[in-house]
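Asks: Sharing a structure, written as C-alpha cells. Questions coming.
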Amino acid sequence: MANLHRCFGDAPLQVPTSLSLKPPFFSAFHLPSHRHRHSLKPPTLSLAFTPRSHPNPAIHESIDPLPTNLSPKEQTLLLRSQRDWRRALRLFHHFKTDPHYTPNAIHYNVVLRALGRARRWDELRLCWIDMARDGLLPTNNTYATLIDVYDKAGLPKLAVAWLKHMKSRGVFPDEVTMNTALRVLKDSGRFASAEELFKQWCTGRVDLECLELDSEELELSPISPKQFLLTELFKSGGRVPVSMIGSEEGGGGLRKPRRAATYNTLIDLYGKAGKLQEASDAFAEMLRSCVAPDVITFNTMINVCGSHGRLDEAEALFGEMEVRRVRPDTKTFNIFMSLYATLGNVEVVLMYYRKIRLAGLRPDVVTHRIILQVLCEKRLVNDAENVIDEMLSSGFHVDEQSLPIVIKMYIDEGLLDDANVFFEKHCSGREISSKNYAAIMDAYAEKVLWKEAEDVFFRKRDAEHKKEVVEYNVMVKAYGKAKLYDKALDLFDSMRSYGTWPDECTFNSIIQMLSGAGWHDKARELFDRMKDAGFKPRCETVSALIACYLRTGLISEGVKLYQDMKKLDVQPNEVVYGLLIDAFAESGDTEEALHYFHLMEESGFAANQIVLTSLVKAYSKNGFWERAQELYGKMMNLEGGPDIIASNCMINLYSSLGMVREAKLIFDELRKNHQADGVSYSTMMYLYKSMGMLNEATNLALEMQRSNLLTDCASYNNAMAAYAVNSKLRDCGELLRHMSVRKILPDPTTFKIIFTLLKKGGLPPEAVSQLEISYTEGKPYARQIIITSLFSIVGLHSFALESCETFVSAEVGLDSSAYNVAIHAYGSANEIEKALNLFMRMQDEGLKADLVTYINLACCYGKAGMIEGLKRIYGLLKYGEIEPSESLFRALINAYNGAGKHDLARKWLSRK
C-alpha cells in the first residue's frame, strides 16, 4: 500500500496494507459508545443535596431541600452525578413537582441511562411512557442511550432493534447513534452487518435489511425488555413530523464521520473482520479528513501493526504520538508488552513495563497480568517475585487470573513449598472464582500431585461460594492421572449431595478415564447413566469405551456399542472405524475388517495410513500375500509411504512364505531410509536362519547391535539366537553381559538359548542337566549360576568370576550345583587354589561331591599337575564309588594330557 501522507507536521507516515485488530487483553480500547452532546462545565453551586452512592433504599427515602433557582443545565449535572438509579429517579420526580419545570429530553435521557444500566426494565418502560405523555419525542441521544444500555445488559439483538424504532419514527441516526450501533454489531461479531450499516449511513439512508431483525432473533432475549420493545415497534402513529426530520440530520446526501470515536470503531471493526485493507483505508481517510487521532486511535493502530508482525511500524506510531503530543496511556504500554510477550521477548516486555512509571503512569491489572504471565511462562522465578513485591508495595494485589499462573511456575520448577506458601498468602480470605480454583488444582494435577490438588479442592470457603462443577472435573482428572480410580468414583458419586450436578465434561472425563484403565463394566454403567441424565456423549468417549472392550477381547461388546452410536446421534469417526478394523485384523477375521473398512469409506472418511496398516495386518495373518502386496503398493503412494508396522507385516508375511527376495527389498528400503527397527531386523534374521543363510543372519545381528536397536529382552534373544546358529559363542556371552549392564532381565527364551550354547560350548551333559533341573525347580541363584557357566564356557573369565562372587559370598546356603559352577569357573580361569578351597568348603557344609564335581576337580588337578588327585578319582571309579561316565573319562584323559602325563592319558584312552 502506498504511503499515506498526513498532517503530522511534514513527516509522512507509512500505513500498512494488511492490518488486524486483535487486542487480546484490552477490551476497553474502544471509545465510549455515547457522549452527551451537551458538554457542560459544572457551575459553582452551593447545594444542600449531596449525591450519595449507597444502595440502601432507606438512605433515599427523602430528598434534601434544594435551591429553587437551578437552571436546566445545573439540574442535568445534578442528575448525572447520581450513582444510584433510585436517587436519580426520585430527584427527577422532585424536579417535575416544580410548577416552573419544563420537561426536556435531556433529563429523560439521563434517567433512561441510569435505569438501563441498573437493568430496571419496568421502571425504564414507565419512564418512556412518561416521556411520551410529556409530549417529548425521542432524540438521537435517546436512541443512542437505549442502544448502549441494552447492549451492556447482554441484549445486543434488542439493542440494534432500536434502530428499527428510529426508522419507524422518522429519526435518522446521527454520528453518535450510528457509532453506538456499529460498536454493538462489532462486539457481537456481526461484522458484515456493521459494515453495510455504515455504508448506508454515509449515503444518507438506513434500510436495516442488513441487520436481519426477525422475530426469531428477538425471541432469544428475556421477556420484559423484549415485550416492551416489540410493543413499541408495532405502535402506529407518533412519528416525527416531516419538517423535523432535517433537524435530526435525516435525508439524503453523502456524509463522512467527523469524530475520532467513529473512526476508532471502524478501524477496530475492519481489523476484527479480517478486512485489513479496509482498516488501513479507514485510518487514511481519518487523516485526510483532518480528524485528529486520539490515544485510542494510536492504541488500535499499534495493536494492528504489531499483531501482524509489523513491530517497526508499531514503534513508529508510538514515536508519532510524541510528535503529535498525544500522551500514551497505560493501555498503550500494555499493548506493546502483550505483543512482545507473544514473541517471548522478556527483555522488551520488562522495558515497556518500566516505561509506564517513567511516563508518569501507573500499571493496572492488565499490566500485571501480562508481566506475570510472561515471567512465569519463562520460569523466571526471581523476576516474577520482584514484580509481585512491587505490586504489593504499590497497593495492588495479585490479580485472580494470575494466581494459577504463578503457582504453576513454582510447581513446574519443583518448588512445591513456595507454591503452597504463595497460595496461603494470596488466596486466603479472598473471593476466588471456581474457574481459577480449578486452574490452580489443574497445575497440581498435571504433575500428578493429587494430594496437593485435593487440599485446594477441600479448602474451607464461605457458604455462599460452593464448588462449581469445573472444580469437580479437575479433581476427577487429578485422581485419574494418579490412577486413583476409586477416589475418582467416590468424588463423582458425592457431587449431588453437595448440590453440584455432573455435567457432560464430568461424565466424558470419568468414562474415558475408566476406559483407559480397563474398567469397562464401571465405564459402561456411567455411560448409561450419562444417557439417562440427558447428556450426549462425545465421540471420543464412545471411542475410548470401544477401545477398552477391544483391548480386553470383548469384540462383540465393542461392535454393539458402535451400533448404538447412531441411536445416540453420535457419528463414528475414523478412530472408531480404525479400532474395529484393527481388532478384526488382529483376530485374523479379514472379512469383518473389510466390512468396517467399506463402512468407513461410505461414511466419507478417507482410508488413512493406520487403517490400511490394519488391513495389511489382516491379510498377513491369513497369508493372503497377493492382496497384502497390492494394498501395500497403494500405501506407497500415500504421503510418507507405508509406516514401519505395515512394512514389518509384509516382511513377516514374506518370511513365513520363504520369499527372501521380496522381504529383502522391503528391508533394504527401510534400512536406506533409516526406518528399520528391531522387529525388522529380527524378522529378517529369522528368515535368513530358516533358509540356512547363517552368515547373513549373523551380520544382521552385528549390525543390529551396532545400531543400538537392542532395546529389550526379545531383541537380545533374536541376536543371540543368530550368533548361536553360527556358533559365535563368545559374541553371545558379550550380548548377555550387555543385557546385565543395561539391567534387562533375561526371560525363559534367553535361558533356553543359553542351555543350547552350553551344550555347543562343550559343557558336560550331566552339568547342563543339573543346571536345567536347578532352573526348573527355582533354586536360589539358579539363574545366576547358569549365566556364570556361560561366561566361563565362552572364555569371558573375568565376567564369570564377577558373577561367581554374587552367590559364593552370599550368606544363603548353596547346593552342590552352585558349588560345581563356582569350582568350574575358578578352575577354567586358572584360579586352582580358590577352586579347591570351594571344594573343601562344600565338604565342610556336608555336601557330597557328585559326578559333575569330580569332572570339574579332574580339570583342576590336571591344570595344577596334581597326579595324586587324579589317582584318587581313579580309585573311586575303580571301586565303584563313582558311577562310570563318558564325560568323566574324557575329563581324566584331558587332565593327564594337561599335566604332561601322555602315557597315562593313552592308558586311560585304551581302557575307555
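Asks: Please specify each residue of the range 88-118 satisfying the condition of being surrounded by 18 or more Cβ atoms within 10 Å (Cβ to Cβ) and in a loop (DSSP other than H, G, I, E, B).
Replies: The answer is 118, and nothing else.
Asks: Could you check the range 701-730 and list, in sequence order, the residues that are of a type in the set (Val, Ile, Thr) and touching a Lys or Arg at 6+ places or on another chain (Cβ under 8 Å)?
Replies: The answer is 725, and nothing else.
Asks: Could you grab me the full set of residues in the range 341-358 that are outside any loop (DSSP other than H, G, I, E, B) and not β-branched (Val, Ile, Thr)?
Replies: The answer is 341, 347, 350, 351, 352, 353, 354, 355, 357, 358.
Asks: Now, a different point. Any residue in the range 315-338 that's without any contact (Cβ under 8 Å) to a residue 24 or more places away in the chain: show its pairings with residues that are crowded, with 17+ Cβ neighbours inside 10 Å and among the hydroxyl-bearing types (Ser, Thr, Tyr) at Cβ separation under 8 Å, as long as the two are six or more apart or on different chains.
Replies: Every condition considered, the pairs that remain are 318/332.
Asks: Kindly indicate the residue of the range 495-517 that is in contact (Cβ under 8 Å) with a residue 12 or more places away in the chain, in a helix (DSSP H, G or I) and of a type in the set (Ser, Thr, Tyr) and also farthest from residue 528 (Cα to Cα) among those meeting that condition.
Replies: 498
Asks: Hey, another quick one. Here are 317, 287: which of them is closer than 21 Å to residue 357 by Cα, part of a helix (DSSP H, G or I) and in contact with a strand residue (DSSP E or B) (Cβ under 9 Å, 6 or more places away or on another chain)?
Replies: Going through 317, 287 in turn, just one is closer than 21 Å to residue 357 by Cα, part of a helix (DSSP H, G or I) and in contact with a strand residue (DSSP E or B) (Cβ under 9 Å, 6 or more places away or on another chain): 317.
Asks: When only residues in the range 579-596 that are part of a helix (DSSP H, G or I) and surrounded by fewer than 22 Cβ atoms within 10 Å (Cβ to Cβ) count, which is nearest to the chain's Cα centre (by Cα)?
Replies: The residue in question is 582.
Asks: Could you please find all residues in the range 263-281 being in a helix (DSSP H, G or I) and surrounded by fewer than 24 Cβ atoms within 10 Å (Cβ to Cβ)?
Replies: Correct list: 272, 276, 277, 278, 280, 281.
Asks: A follow-up question, please. Please give the number of the condition residue 645 fails out of (1) surrounded by fewer than 23 Cβ atoms within 10 Å (Cβ to Cβ); (2) farther than 20 Å from residue 580 by Cα; (3) touching a residue at least 12 places away in the same chain (Cβ under 8 Å).
Replies: For residue 645, the exception is condition (2).
Asks: Also, quick follow-up: Which count do you get for residues in the range 359-389 that are part of a loop (DSSP other than H, G, I, E, B) and either at pLDDT 95 or above or among the small types (Gly, Ala, Ser) (or both)?
Replies: Selection size over the range 359-389: 2.
Asks: Continuing with this model, one more query. Just to be sure I understand the filter: pairs with C-beta atoms under 9 Å, separated by 6 or more residues or on different chains, first member in the range 626-642 and touching a residue at least 12 places away in the same chain (Cβ under 8 Å) and farther than 21 Å from residue 661 by Cβ, second member assigned to a helix (DSSP H, G or I) and of a type in the set (Phe, Trp, Tyr). Which pairs pass?
Replies: Sorted first by the residue in the range 626-642, then by its partner, the list stays empty.
Asks: From the list 187, 122, pick out the single residue that is among the charged types (D, E, K, R), farther than 18 Å from residue 261 by Cβ, at pLDDT below 90 and surrounded by fewer than 22 Cβ atoms within 10 Å (Cβ to Cβ).
Replies: Exactly one residue qualifies, and that residue is 122.
Asks: Condition first: under 23 Å from residue 720 (Cα atoms) and part of a helix (DSSP H, G or I). Can you find one or more residues in the range 639-648 that meet it?
Replies: yes
Asks: Can you name every residue in the range 381-429 that is among the hydroxyl-bearing types (Ser, Thr, Tyr) and touching a residue at least 12 places away in the same chain (Cβ under 8 Å)?
Replies: Once the filter is applied, which keeps residues that are among the hydroxyl-bearing types (Ser, Thr, Tyr) and touching a residue at least 12 places away in the same chain (Cβ under 8 Å), the range 381-429 yields 394, 402, 410.
Asks: For the range 732-749, which positions are without any contact (Cβ under 8 Å) to a residue 24 or more places away in the chain and under 21 Å from residue 792 (Cβ atoms)?
Replies: Answer for the range 732-749, where residues must be without any contact (Cβ under 8 Å) to a residue 24 or more places away in the chain and under 21 Å from residue 792 (Cβ atoms): just 741.
Per-residue answers, yes or no, for (1) farther than 27 Å from residue 521 by Cα; (2) in a loop (DSSP other than H, G, I, E, B); (3) in contact with a Lys or Arg (Cβ under 8 Å, 6 or more places away or on another chain):
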{"position": "442", "(1), (2), (3)": "yes, no, yes"}
{"position": "453", "(1), (2), (3)": "yes, no, no"}
{"position": "460", "(1), (2), (3)": "yes, yes, no"}
{"position": "466", "(1), (2), (3)": "yes, yes, no"}
{"position": "476", "(1), (2), (3)": "no, no, no"}
{"position": "483", "(1), (2), (3)": "no, yes, no"}
{"position": "486", "(1), (2), (3)": "no, no, no"}
{"position": "493", "(1), (2), (3)": "no, no, no"}
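The values are calculated or read from the model by the stated rules, or taken from the named source; none is laboratory data. Since the model is a prediction, treat every value here as computed from it, not as a measurement. With ideal geometry, Cβ positions are generated from the backbone for all residues, glycine too; neighbour counts draw on all protein chains shown.
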